[in-house]
Each structure stands twice: as structure tokens, then as C-alpha cells.
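Below is one structure, written out as C-alpha cells; the observations come after it.
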Amino acid sequence: MKIKNYLQQSLSLQFVGLMLRVLLFIVIGAVVIAFGYRQLNQFHANQNNLLEQKETIIKQIDNSFNQAFFDFRGYFAFENEALKASGYAQEEKLRGLLVDFEEVAETPEDHIFLDDVREYLDYYYGELVPEVITEFEQGDREEVQQVANQGATKTLSTFQTEVRNYRSKVDNQIESNYELLTERNSYILIIVGIYLLSIIVILFRMTRIMFKNVGQPLSEFAEVANEIAAGKEVDVNVNLISNRKDELGRLSVAFKKMVVSLQDKEQDLIGHNEELIAQQDEFEAQQVELETALANLKRSENNLTHRNDFVKGISNSLNKQTVLDEIIVNMCKITEADQGIISFLDEDDYASYGISKAGEEQFLNNLDNGLNEKLVRYKESFTVKRELDQNEKGFHEEKSYGYDLYLPIVDVENEVTAVLVLSRFGSPFLEEQLEEYEGFAKQISISLENIQMYDQSEEDRMRNQDILNTVLEGIQLVDLDGKTIQVNQKLCNTFGCNSWTNGILGLSMVEWLDGMKSYIQEKDDFSLFLTRAIEAVDIDDSFTYRINNTNKVYKVYANSLFHDEEKIGTVFVHRDITKEAEIDQMKSEFVSTVSHELRTPLASIYGYTELMLNRELKPERQKKYLTTIYQETKRLTSLINDFLDVQRMEAGKQSYEKKYIDLLEIIEKVVDSQKINTTEHHFEVQVDTSFTTVLGDKDKLKQVFTNLISNAIKYSPNGGKIQIQLYQDSGYLQTAIKDEGLGIPTDALDKLFSKFYRVDNSDRRTIGGTGLGLAIVKEISYAHDGDVFVSSEYGKGSTFTIKLPLVETISNTTDPIESTKADEGYKVFIIEDDRSLAGLIEQELEENKFFVHSFTKATDALKQLKVELPHAIVLDLNLEAGEMDGWGFMRELKSMQVPYSDIPIIISSALEEQDKSLALGAADYLVKPYKASDLSRTLLQTLLKKEKRGQIFIPDPKKDE
Amino acid sequence: MKKILLAEDEEVLRMLIVDTMEDEGYEIDEAVDGKEALEKIEQADYDLLILDYMMPQVTGLEVIENIRKNPLKKDAKILMLSAKNQQSEQEKILDIGADYFMSKPFSPLALLEKVEEIINEN
């Protein structure tokens, strides 16, 4: 059962089992048949042998009986004893044969035969033969004959017949045995045939079984599978075997399961499919959404790209115009605008895209009004829809609209700094776009602010650098390692940076120090000082050095630079102290010279008075001493005067009372006074100009000429001609004083006008002097906007030339208006918005014979100028608001041609703007409130100056009260 | 008679000193500047040299330096007159080799006294 179960579990095992059974059957069949056949043959052969043995034995028995019979017969017949023995011997043989036969006897017949034989034998040998032999011996031969005749012979023959019958029976048996064998062999043949037939039947059956068990189910499977494949619904329970346990069974089960599962799955699938269809619908809907989203994303990406470009465009440059251009182009791209403009509100910078010059101009001209004003006021973006005009529509004929977006660029202080206007044709700006664009606007604001900050800082930096460059000191800033961080131009000029570096900035200490050292004398000390200064924790020190091959003296100040109380570097300021050094030098020389100069006359006075007081002196000696004392006292006095003059002049405290004076008059007076001091010199005054009037301080100019002429006398100890020549040259009145004296060595010429400088040589040691005369001459000349210079040939004489500004002559000008008006009196314009004040001034001036014309507006006065030319104008600076003010009038007038620009302007103002006014060309300045008489006096003075210039006679003004 | 050389560029002072000294019987040679002084020193021996500090061309200091270098003249007695009366200047003058110093303005009688003192030392 188990095996069966086992076999049933496997088709192959089943097949093997089947085959085994078939084989077993075949083998067993063959064996059984062969064995049967063999048994049969053997049985028959044994049977045969047995029968043949029986036959043989029977034959021998028969023979032996016959022998015995004949022997006894012979004995009787011949009485031969041998025969009787042989007859008796036969009994033995027969008894043996009977034993043999007993062995092969099997059938009852055999045993009956055997018993008969044995019975007969016993009778024959036990009764008959002994009786007959005894009778025969007794000679009863008759009796023997009788016995033989009576029966003996008959029994014998019966026996013999029986044996022979049995023998034939056995022969028959052998015969029938053979026949039986043949018959049985034929049976065996039949059996073999049946066996073969049964094999065929079995095979056929097997095939059928296999077909039934395997092929059919398989083909069914195939069919079902095909049907399933074809998508038909199959009832597997009906069609398929499932109670089998072999592969097919399992296959079937599996198949069933599969089919069921497939069917289930198909159901599922159908379900799914429906779901899927539903989902697909959903997906399609989603796809549409996604596509929209994608489009949005793409737009966002574009926007991002634009934004990136935009940001890059902005961050790449710090140039305002470039950035503005980038902004507008990128903004137009991002917003898909067709036109756009961005403009600062309070600066001229702007950039546009797709807008004509005229359009730009129109926009810029209306920056402060219209929609821009709204933008500035509310600081919120807005859009405007408008119908496109003809040129914007292109070839489209139908109505189309343009949309303008106004975006404010608002700075951190929430002020609108710039406006951005974008224009789109056809498509309006959407709410969400506006939000994004406002984001951009913020970014733009930041960028612009950055640029402005950069500009500002750059401007600051440049200004700082400019300031540094204007500083006369060389400035160098180095870091803690001594690397140069900043310098100004002056530093490089001082140290000739260009000759040893392409740029001092960034140079290490060694490099720049070497460069600088090559320029100065105190190389080591200089280097030591700078190195220490850089290394010092805090330093505030200076060092003085000289530049090679020059007389330049510099002082370098080192100061540590701190930031948040931490040293970040060192600042070196190289100051050219050549002048200071010279001044220092001069000061100390000055002190020693003053000391010397003062002590010398003092010593004389002291010494001579002491001698006079302590010694008895002759009168002539007394006189000589007193004269010396007097001279020395005079010298001392003039020395002190000169010294004080120079001090005053240098301190700018000397006041000059300048008037129009005739220089020739002064010179003549000086010559007259100097002539007294000499007999060896003769003077010659040569006037080569008709105009010798200058504006100057009479006393000071007199001092100038006294100094120069007395010098000429002093330094031409051998006498000679002193020539004074007046001439006109390039707008100056020049006065040359020429002597034929000692002359001045060339190397002394430069220093000649320095204080206390005195040409130091033997031929002039006796010539006294303070060394201040020429310094005074120079100061006074400068104070008169003039100059003094010297030319000299050593040993032959010197020429000192004073030049003073020439007072121009108006008679040279050919202005008819001026001339004619002058004869009628002075015409004065008053420009004053305060009518009551104007009235007061008018009254005052008219009392002083002026013709007055008042204006409240400067522009009116300007118009009137063309009609009548005034001699002077009294101008108020602050005029009515919104009108041209005094400054404007003055600029306007001064920019006009002569004679307008020449009209003197007297400022009458409450403002303290003297300097600016005078710089602009005002003739004089009166600060309100002032006395009315001050104005007329000032006017007169001013006009007098002008008249003098023009050599025009004027009536004596009533100024000297 | 004691012989004195006076080097002074100021004529009035020269006259003052000469008058003061000659009245007392000194023989005075005059030089108007350092250069002339050196020439005269070369030619004669003086009991005393009175030198002004500030003279044109060759100053009194230079004269002293020159003399002190000259083996023949280096022991000459020198009195320097100077308007420079600061302590530092005086020291400088004495350092360079002047034996005596007198600042301007000076008293001619005091100078005379000083000269007599110097000459009588020897």
C-alpha cells in the first residue's frame, strides 16, 4: 500500500513500476514456461525411463522365468543336474529384479503386478518345482507328466501371458507417455503463444494506461491551457483529474490552483484593470495638471535662469550704467516685457530697453509727475492698461492693448530711489507675476544700493586719496610687517618711487626701504628709525633727514595706527621741512645777527661814553666820540625800526594806506633827500612813460626807494651815476635803480632779499647796514601786488627793479557812453528789494549829486543797463525769493563785455560775504546797517579810483569831513 | 712795549679799542678781518691777539683754529670779543682755543684791565 502510494506519487516511478511489472511478467512467464517445459520433458523422460526400466525389468523377469522354465524342463528332460541348478539360480535373479521393480513401482497396477509375480514366484519355487522334482526323482514321471500336463504347464503359460501383457501394457504406457509428452508439448506451445499474446495485450494495455494516465491528462491540460490562453472560462473541476498523487496529479492540482489563481488573478486583473482605467483617467487628469505644473516649472526655471543672469549681470559689475542696462534687459526678458525703462529719480542715470530716444526723453522729462508721482507717493507697484497706438500695433489691425507695469525701487529708508516701468503688448501682468516682479524690484534696490555704496565708498576712497595727494607731506601707511598699504603722490615724488619700483603699494619693508634709502643721506639711521617704528607697540616720534644732492630737509613722523585699540600699522608722514629748517637756521642766525647787529652800535656807544666819562679827552676827540655815538645811535634806531618793520610785515600786521599817488613825485623826493648824503654820486631820473600813477602807500613806497637808492649809494663807494628809470612794461610800472658800484656776486643774488643777508666780502665790510633793507623792499613790493628783482654784474654795478601794477588809463578806451555820461554826473543803479531802504539811499545819493535809478529786480536792472550805462551799481545780495539774486546779477554782469563788466559794484548787504563778493569782482562791500553817508563816500572813492585810472577829472567829492 | 693785534671789522669799535690801548702805551696793529689778522700774525709776534668773533671772510674762530695748528704761533694768547654771549657760545669759543673771552658790548676800561692782567701774567 505504501509502495503503491509511493508509486502513485511519481509518474516516472509509476512508469518504472509498470515497466518492472511488465518485465517481471515477461520474465516470470518465460521462466515458468521454460521451467514447465523442462519439467514436462524431464517428467516425461523420467516417466519414460521408469517405464523403460519397468519394461526392461519385466523383460528380464520374463526372460528369467523362461530360462528357469526351460532349465527345469531341460533337467526333467535330460536330468541334467546343471540345469536344475541354473533353474534354481534364476530364482535369485528374479528376486533381485523384483526388488528393482519394487523400487520403480508406483502405480497400484505395478504393485499388483509385483505381488502377482512375487506370488507366482513363491508358488513356482516353493511348491511346484520342489513337488515335481521330488516326484520326478521318485520317478513318478507320469505323475510329473500328469502334473505338467495337468496344470503346471497351463499356469505357466498364463503367467507368461500376464507378464507379456503387462509388458505390452508398459510398452503401451511408454507409447502413451510419449503421446502425452507430444500433446503436452503442443500445450506448451499454445501456452507460449498465449504468453506472447498476453505480452502484446499487456503492452497494449500499458500503452493505453500510459496514454490514459499521462497523454490524455496532458493533452487535456494542453487543451485547457490553450483554452485558458485563449481566454475562455474553463471549469477545471469538471475537466481535470485531481485525485492523483503523481506529478500529473500534482500538476493537475497545481494547474488547477494555477488556473484558479489565474482566474482569480484575472478577476483581480479585471478589477485592477477597472481600477487602472479609473486611475488612468485620474492620471490623465493629473497629467494635465502636471503639464501645467511643468509649464509653470519651466517658466520658473526660465525665471530662475533669468534671475541668475540678472543677478550675475548685476554682481559682475560695479559700473552703474552697466548694471542699469543689465537690469532693464534682464527684467524685460523675465517679465517678457516688450519695452522697459529704469531711471533714478534724483540722478541722471537711466537705462531703457526697446524705447526710442524721444521716448526716453519724454519719460525722463516727466519723472516727477504723472504716474511716476503716484509711484513715488504710494511706493506700490501698479499696472496700467492702454490701447496700443498705431506704431506699437505693427501690422495688426484689430484693437490691441498694452499693459504698463510701474515698479518702485524702494531703498532701505523706504524712499523710492528709482522707477522701473515695463510695458507688455497683449498680455496683462498677472497678480502672481506682480509679486515676483516686486521681489525683483527689491533685488534691484539692493543691487543699486550696493552700487551706490560702492560708488560712495569708491568716491570716499578716491576723495581720501585725493586729499592725501593734496597733502604736501609724503604719507605712507604700512602694515605690521612693514608692507606698504597706502601712499600719497607726494611720497613717491619725494623718493622718486618711479625710478625703483613700478608701484610702491604692496612692497615689503626691505624693498621700499632700500628704494628710499638710495635717496637720502642718513641711510642707516633712517632705516633704523623706520624699522623701530614699525616694530614698536606704540610710537609717536620723528626723524630728520636730508635728501641726497639737494638742500632738502625732511622730517618723518612715525605714528602707530590703532584700530579698536590694537595696532594695525604705522603711518609715516614725511614733511619737507627744508623751509622750516632754513627758517630755523635763519632764526638762529637772525638771533645771533640781531644780537650782533644790536651789540655793535651798543658796544660803541657804551665804550665811547665810558671813555668820555673816565678819561680826560681833547675836545676834538670828544667831538669825534660824540659824533660816533650819535651815528651809532642813529644806526641802532634805524636797525630797530627796520627790524620791527620786517617783523610786522612778515606777520602780516603791516597796514598799508593805499591811495592813487604819483610815483615819480615820491622818487624825486627820495633822490633829493639822498643827494645830501653824497657828493660823489650824481643822479639821473629818466621817465619813459606818461603814466606814473600807482595805487599805493606813500610812506612805504618812499621807504622802498630810500632803501634802494641809499643802497646804490652805499655799494658804489667810488661814486658814479645812479640812474632811476621809470617805464611801462606788460601792465606794470617799472622803476629801475641802477648804480655803477660793487655789484653782487651771482651766488648771492638768490639770498639778497632774505633778512639779515649781507653780501659777505671784504670790499663791503665797511659798509654798514642792517641786512633788512632789501627784505623790507620785497615785502612792500609784494604788498602792492608788485615785485622786486635784481640784476647785477659783479664789479660793475647792480640794477634793482621795482614793478608795481600800472593803473590803466580809461582815456585809452574808446567807450563813448562812458565819456558822455561822465560829463553829466554820476549815474548809479540801486538794486534793492526793500523799497524804504532804497528810498533812503536814493535821497542820500541825490544829495551828493548822483543820478539814481532804483530797481527791485536784478533782471530789470540788467535790461536797463543796455539803455543807459551807470557809473556804479549798489547791489543788495538777498533779493526777492524766486528772482535772480545779487550773486546771480554780479555773475551775469561780470560775464558781460566791457564796459558792462567794468561797472563797479558796491554790495550793500546784511550778509558777511565780503570775501566771496570781492572775489566775484565787487568793488567794495558795506554791511547793513551802515550810515547813508558811508555809501556815498564809498561810491565816490570807488569812482575816484576808476577816474584816476582813466585820467578823468572829477570834482572834489565832499568826503573830507 | 707790548704789542697787540686787534682784529675787528667794525671800524668804530676798532677805533675805540685802539684809542683805549694806545693811551696806555700799547702798540696796536689793526686787522679789518680774519684774513688780514692771519697775515699779520704770520709776519710778527704779538703779546696778545684780540679777535672779534664775527668777521667777514675768515671769522675769529677760524683764526684761532689756524693759529693753534701753527707750531710757531700756537702758544699765542688770545682774547675773543663776541656779541654771542650765550653760555654755549662762550664754551665753544674757549674750547676751540681762546684763552679769554669778553662779550659785547664791553667796557673799554675792563678790557684794558683784562689785557694788562694777561700781559703781566708772563
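The values are calculated or read from the model by the stated rules, or taken from the named source; none is laboratory data. Please read these numbers as outputs of a predicted model, since none were measured by experiment. Don't worry about glycine lacking a Cβ; one is built from the backbone with ideal geometry, like all the others, and counts go over all protein chains shown. Please note that ligands, DNA and RNA were not included when accessible areas were found on the heavy atoms of the full protein model with its side chains. Shrake-Rupley method; radii C 1.70, N 1.55, O 1.52, S 1.80 Å.
Please sort A:711-720, A:340-349 by packing, taking for each peptide the average over its residues of neighbouring beta carbons within 10 angstrom, highest first. Provide the component values of the computation, followed by the final result.
Details: A:711-720: 18.6, A:340-349: 16.9.
Highest mean packing first, the order is A:711-720, A:340-349.
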| request: For the stretch A:352-361, take each phi angle, set θ = phi - 60°, evaluate the Karplus expression 6.51 cos²θ - 1.76 cosθ + 1.60, and give the result in whole Hz per residue in order, putting x for glycine and proline. | output: 9, 9, x, 10, 6, 4, 5, x, 4, 4
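Are there GluC sites (Glu not before Pro) in the stretch A:82-118 that DSSP puts in a loop and that have at most 16 other Cβ atoms within 10 Å, and which ones?
Sites meeting the loop and neighbour criteria: A:Glu106.
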| What shape does the stretch A:448-531 have by the C-alpha gyration tensor, where a ≥ b ≥ c are the square roots of the eigenvalues, rounded means a/c under 1.5, and otherwise prolate means a/b greater than b/c and oblate the rest? | prolate
| task | Find which of A:Thr637, A:Ser655, A:Ile676 sits farthest along the positive direction of the dipole of the stretch A:630-766, computed with +1 on the beta-carbon of Lys and Arg, -1 on that of Asp and Glu, about the Cα centre. | result | A:Thr637
| Which angle between 0 and 90 degrees, to the nearest 10, do you get for helix A:698-714 versus the longest principal axis of chain A when only C-alpha atoms count? | 80
| request: Under a cut-off of 24 Å between alpha-carbon atoms, report the lysines in cross-link reach of B:Lys73, not counting same-chain residues fewer than 8 places apart. | output: B:Lys2, B:Lys3, B:Lys35, B:Lys40, B:Lys92, B:Lys114
| field | Members of the stretch B:1-25 that become less accessible by 40 Å² or more once partner protein chains are added (1.4 angstrom probe, chain alone as reference) | value | B:Glu10, B:Val12, B:Leu13, B:Met15, B:Leu16, B:Asp19, B:Asp23
| query | Once both axes come from the Cα atoms, what is the angle between helix A:129-138 and the longest principal axis of chain A, in degrees from 0 to 90, rounded to 10? | reply | 30
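Total accessible area buried between chains B and A, 1.4 Å probe, in Å² to the nearest 100?
On the way: alone 6600 and 55180 Å², together 59370 Å².
Buried surface at the B/A interface: approximately 2400 Å².
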| Simple Cβ-charge dipole of the stretch A:317-458, Lys/Arg +1 and Asp/Glu -1, about Cα centre, in debye nearest 20 | 360
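Could you do me a favour and compute the accessible area per residue for chain B, 1.4 Å probe, result in Å²? Spell out each step's value before the answer.
Working: 5410 Å² over 122 residues.
Accessible area per residue, chain B: 44 Å².
Please compare each pair in A:Lys721/A:Lys946; A:Lys623/A:Lys778; A:Lys866/A:Lys946; A:Lys658/A:Lys796 to a cut-off of 31 Å on the Cα-Cα distance and tell me which ones are over it. All intermediate terms of the calculation are to be shown ahead of the outcome.
Details: A:Lys721/A:Lys946 38 Å; A:Lys623/A:Lys778 38 Å; A:Lys866/A:Lys946 21 Å; A:Lys658/A:Lys796 36 Å.
Beyond 31 Å between Cα atoms: A:Lys721/A:Lys946; A:Lys623/A:Lys778; A:Lys658/A:Lys796.
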| message | How many angstrom lie between the Cα centre of the stretch A:254-292 and the Cα centre of the stretch A:412-456? | response | 53
| task | Compute all pairwise cysteine Cβ distances in the protein assembly as shown, then list the cysteines with no distance under 4.7 Å to another cysteine. | result | A:Cys332
| Charge-dipole axis of chain A as Lys and Arg at +1 and Asp and Glu at -1 on Cβ define it, positive-most pick from A:Tyr350, A:Gly96, A:Ser508 | A:Ser508
| Placing +1 at every Lys and Arg Cβ and -1 at every Asp and Glu Cβ, with all other atoms neutral, what dipole size does the stretch B:3-121 have around its Cα centre, in debye to the nearest 20? | 500
| message | Let me check the size of the protein assembly as shown from its C-alpha atoms; what are the radius of gyration and Dmax in Å? | response | 83.6, 274
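Per residue, what volume in Å³ does the Cα convex hull of the stretch A:304-458 take up?
On the way: hull volume 17.3 nm³, N = 155.
With only Cα atoms used, the stretch A:304-458 gives 112 Å³ per residue.
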| field | Contact order relative to length of chain B, as percent, for alpha carbon pairs under 8 angstrom and 6 or more apart | value | 23
| query | So for the protein assembly as shown, taking the charge dipole from beta-carbon charges (+1 Lys/Arg, -1 Asp/Glu), which of A:Phe590, A:Leu51, A:Asn66 sits furthest toward the positive end? | reply | A:Phe590
| message | With the crude spin-label approximation of a point 7 Å out along Cα→Cβ, what separation in nm comes out for A:Phe70 versus A:Ser317? | response | 16.8
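Sorted from largest to smallest, which semi-axis lengths in Å does the alpha carbon gyration tensor of the stretch A:471-576 give for its equivalent ellipsoid, taking the root of 5 times each eigenvalue?
Values: eigenvalues 85, 44, 31 Å².
Equivalent ellipsoid of the stretch A:471-576: 21, 15, 12 Å, largest first.
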| task | For the stretch A:906-921 and the stretch B:24-102, write down the distance between their C-alpha centroids in whole Å. | result | 64
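Kindly provide the helix-only [θ] at 222 nm of the protein assembly as shown, computed as the sum of -39,500 (n - 2.57) over DSSP H runs of four or more divided by all residues, to the nearest 500 deg cm²/dmol?
Values: 35 runs with 617 residues, N = 1083.
So the calculated ellipticity at 222 nm is -19000 deg cm²/dmol.
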| query | Got a sec? Which residues of the stretch B:68-116 lose 20 Å² or more of accessible surface with every protein chain in place, vs. that chain alone, 1.4 Å probe? | reply | B:Ala83, B:Lys84, B:Asn85, B:Lys104, B:Pro105, B:Phe106, B:Ser107, B:Pro108, B:Leu109
| task | Report the charge-dipole magnitude of the stretch A:2-218 in Debye, nearest 20, computed about the Cα centre from +1 at each Lys and Arg Cβ and -1 at each Asp and Glu Cβ. | result | 3080
| task | Tell me which residues come under 5 Å, amide H to amide H, from A:Gly797 once H is placed; ignore anything under 5 positions away on its chain. | result | A:Gly741, A:Gly743, A:Ile744
| field | Span from the the stretch A:678-713 Cα centroid across to the the stretch A:333-400 one, whole angstrom | value | 78
| note | Cross-link reach from A:Lys393 to lysines, straight Cα distance under 28 Å and at least 8 residues apart if same chain, gives A:Lys333, A:Lys357, A:Lys374, A:Lys385
| remark: Of A:688-701, A:740-753, ordering from highest average Cβ density within 10 Å down gives A:688-701, A:740-753
| note | For the stretch A:317-458, dividing by residue count, accessible area per residue (probe 1.4 Å) in Å² works out to 54
| Where the accessible area of the stretch A:1-140 is counted over protein heavy atoms with a 1.4 Å probe, how much of it, in %, is carbon and sulfur? | 59
| message | Amide H of A:Tyr925 versus every other amide H placed in the peptide plane: which residues, excluding those fewer than 5 positions away on the same chain, fall under 5 Å? | response | A:Ile907
| said: Helix A:431-470 against the longest principal axis of chain A: what's the angle in degrees, Cα atoms only, rounded to the nearest 10? | reply: 40
| remark: Too long for a 20 Å Cα-Cα cut-off, among A:Lys827/A:Lys849; A:Lys827/A:Lys863; A:Lys653/A:Lys755; A:Lys857/A:Lys945, are A:Lys857/A:Lys945
| query | For the stretch A:471-576, how many pairs of lysine residues have a Cα-Cα distance under 24 Å, where the two are 8 or more positions apart or belong to different chains? | reply | 13
| request: Could you pull out every residue, at least 5 positions away or on a different chain, whose amide H is within less than 5 Å of the one on A:Asp349? Hs are placed 1.01 Å off N in the peptide plane, and Pro or chain starts have none. | output: A:Phe344
